1. Find the residue count for segment 183-193, including only residues that are within 30 Å of the chain's Cα centre (by Cα), of a type in the set (S, T, N, Q) and open to solvent by less than 70 Å² (accessible area, probe 1.4 Å).
2. Just checking: which of the strands (runs of 3 or more DSSP E) contained wholly in segment 48-97 hold 1 or more residues that are out of contact with any helix residue (DSSP H, G or I) (no Cβ under 7 Å at 6 or more places or on another chain) and of a type in the set (Ser, Thr, Tyr)?
3. List pairs: first residue in segment 250-276 and farther than 22 Å from ARG130 by Cα, second residue assigned to a strand (DSSP E or B) and of a type in the set (Gly, Ala, Ser) anywhere in the structure, Cβ distance under 6 angstrom, at least six positions apart or on different chains.
4. Here is a check on your reading of the model: is ALA228 surrounded by 15 or more Cβ atoms within 10 Å (Cβ to Cβ), touching a Cys at 6+ places or on another chain (Cβ under 8 Å), under 28 Å from ALA75 (Cβ atoms) and of a type in the set (A, V, I, L, M)?
5. Against the definition (in contact with a Ser or Thr (Cβ under 6 Å, 6 or more places away or on another chain) and either without any contact (Cβ under 8 Å) to a residue 60 or more places away in the chain or part of a helix (DSSP H, G or I) (or both)), how does ALA215 come out, yes or no?
6. Among the residues of segment 220-236, is any farther than 22 Å from VAL262 by Cβ, of a type in the set (A, V, I, L, M, F, W, C) and touching an Asp or Glu at 6+ places or on another chain (Cβ under 8 Å)?
7. In segment 49-99, how many are on the phi < 0 side of the Ramachandran plot, among the small types (Gly, Ala, Ser) and surrounded by fewer than 24 Cβ atoms within 10 Å (Cβ to Cβ)?
8. Scan LEU199, LEU216 and give me the residue that is touching a strand residue (DSSP E or B) at 6+ places or on another chain (Cβ under 8 Å) and modelled with pLDDT of 95 or more.
Amino acid sequence: MSADPTRVEETRTLRGLVEIPSPSGSEAAAGAFLAARMTALGYDVRTDAVGNVIGEIGDPTGPVIMMVGHLDTVAGTLPVHESGGLLFGRGTVDAKGPLATMVHAGARAASSGCGRIVVIGAVEEEAASRGAHHLTTTLAPPDALLIGEPSGAGTLVVGYRGVLRFCYEVRRPPAHTSSPAERAVELASDLWQQVRTLLPPAPVDAPLFDHASPALVGLDGGLTHARAEISCRIPRGFDTTGFLDEVRKHAADGEITVVEQVPAVRTGRGAPLVRAFAGAVRRSTGAVAVKVKLGTSDMNVLAPHWSAPALAYGPGDSKLDHTDEEHIRLEEYLLAIDILAEALPDIASSLARPVRAAGPYPEERRT
């Protein structure tokens with residue numbers, strides 16, 4: 001590791017975040033640490049009603065570039081340690097590494113004419129994106145949106161499939177197992193099989209991003225009561241209403257409850273945001289990759305609501321998400337900070353510069 005004081009501080013932020021367990025719903029301690037680090041870097045910081053940590057820095061009259069990472073992780077702790085230039089621990093990749101990248105890159109670029117930078121550590125992304133949904137009701141739309149997720153330092157993510165997650169609950173009167181009457185757990189299992197056939201097929205040669213795919217997340221129950229939880233990853237243009245209508249026709253008087261529903265999102269590769277960011281990546285690495293992901297992120301919640309150009313970026317290998325081997329290369333983390341800090345002024349220049357009143361980035365007033 002370099003003895004450069006700046007690099008030491010950047011690494012300290014990441015390690016400090018990773019050392020604080022923050023499963024969804026328990027992010028307060030990590031949020032307090034993040035708020036203190038951002039304040040020390042010159043951000044104006046506040047914590048909103050649900051626990052999102054919001055920091056603002058830069059020119060308040062310029063375009064607003066919002067960068068949203070998430071504070072929470074999946075459940076389960078991992079020993080935090082450094083070995084061979086790798087930092088191991090829960091959240092190193094998903095997604096405290098990308099969040100710390102945004103915090104330090106934003107602070108570094110704030111004096112470079114890149115407009116108003118808003119960095120947010122959101123809560124409960126790994127659950128149902130409670131933090132992101134709250135942002136849609138309290139903040140005005142930004143001019144560009146960056147989501148902190150592991151893409152690799154040389155890669156931009158411009159799209160995510162959507163998700164439709166629902167529960168099916170069914171009850172049946174008590175009956176002997178020798179009876180021909182349908183059992184509740186059998187009905188729940190049958191509905192899962194129906195869902196697999198009801199999802200519309202994609203063209204044979206279509207990429208996986210354009211396919212719908214189901215997953216049986218949970219199945220509990222017995223003779224009289226059963227509950228199935230089903231998650232469907234869905235492509236752009238998916239007819240959610242029509243699909244749920246068909247599912248309910250096969251629900252055998254049970255109840256369907258939608259738990260989560262967000263559309264697929266994709267920003268065109270030729271969008272000014274993508275071109276500006278890609279140029280900074282290419283200058284640092286010699287090449288840039290642009291891809292889409294088959295899962296979902298807070299980009300699915302925020303980008304459609306605000307109609308903002310959006311992409312995701314951050315160091316780390318997403319194949320390590322949620323695994324017991326989760327770790328990040330510190331060299332890549334530091335490189336990603338350099339790349340993002342260089343990209344932010346280019347992104348600001350690519351945006352139409354609105355005339356804004358000086359002052360904090362406004363909260364949107366709802367009546």
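1. Residues of segment 183-193 that are within 30 Å of the chain's Cα centre (by Cα), as a first pass: 191-193.
Now narrow it down to the ones that are of a type in the set (S, T, N, Q): 193.
Next cut, open to solvent by less than 70 Å² (accessible area, probe 1.4 Å) only: none.
Selection size over segment 183-193: 0.
2. On the way: elements: 53-58, 64-70, 81-83, 86-88.
Hits in segment 48-97: 81-83.
3. THR267/ALA310; LEU273/ALA144
4. Working: surrounded by 15 or more Cβ atoms within 10 Å (Cβ to Cβ): yes; touching a Cys at 6+ places or on another chain (Cβ under 8 Å): yes; under 28 Å from ALA75 (Cβ atoms): yes; of a type in the set (A, V, I, L, M): yes.
Spelling it out, ALA228 is indeed surrounded by 15 or more Cβ atoms within 10 Å (Cβ to Cβ), touching a Cys at 6+ places or on another chain (Cβ under 8 Å), under 28 Å from ALA75 (Cβ atoms) and of a type in the set (A, V, I, L, M).
5. Details: in contact with a Ser or Thr (Cβ under 6 Å, 6 or more places away or on another chain): yes; either without any contact (Cβ under 8 Å) to a residue 60 or more places away in the chain or part of a helix (DSSP H, G or I) (or both): yes.
Taking the combined requirement at face value, the residue satisfies it.
6. Going through segment 220-236, the residues farther than 22 Å from VAL262 by Cβ turn out to be 220-227.
Cutting the leftovers down to of a type in the set (A, V, I, L, M, F, W, C) gives us 223, 226.
Filter once more, so that each one left must be touching an Asp or Glu at 6+ places or on another chain (Cβ under 8 Å): 226.
Yes; the residues of segment 220-236 include at least one that is farther than 22 Å from VAL262 by Cβ, of a type in the set (A, V, I, L, M, F, W, C) and touching an Asp or Glu at 6+ places or on another chain (Cβ under 8 Å).
7. Summing the residues that are on the phi < 0 side of the Ramachandran plot, among the small types (Gly, Ala, Ser) and surrounded by fewer than 24 Cβ atoms within 10 Å (Cβ to Cβ) in segment 49-99 gives 4.
8. LEU216
The values are calculated or read from the model by the stated rules, or taken from the named source; none is laboratory data. None of the values given here were measured: they were computed from a predicted structure. Glycine gets a Cβ as well: all are built from the backbone with ideal geometry, and neighbour counts include every protein chain shown. These accessible areas exclude ligands, DNA and RNA; they are computed on the full protein's heavy atoms, side chains included. Shrake-Rupley method; radii C 1.70, N 1.55, O 1.52, S 1.80 Å.
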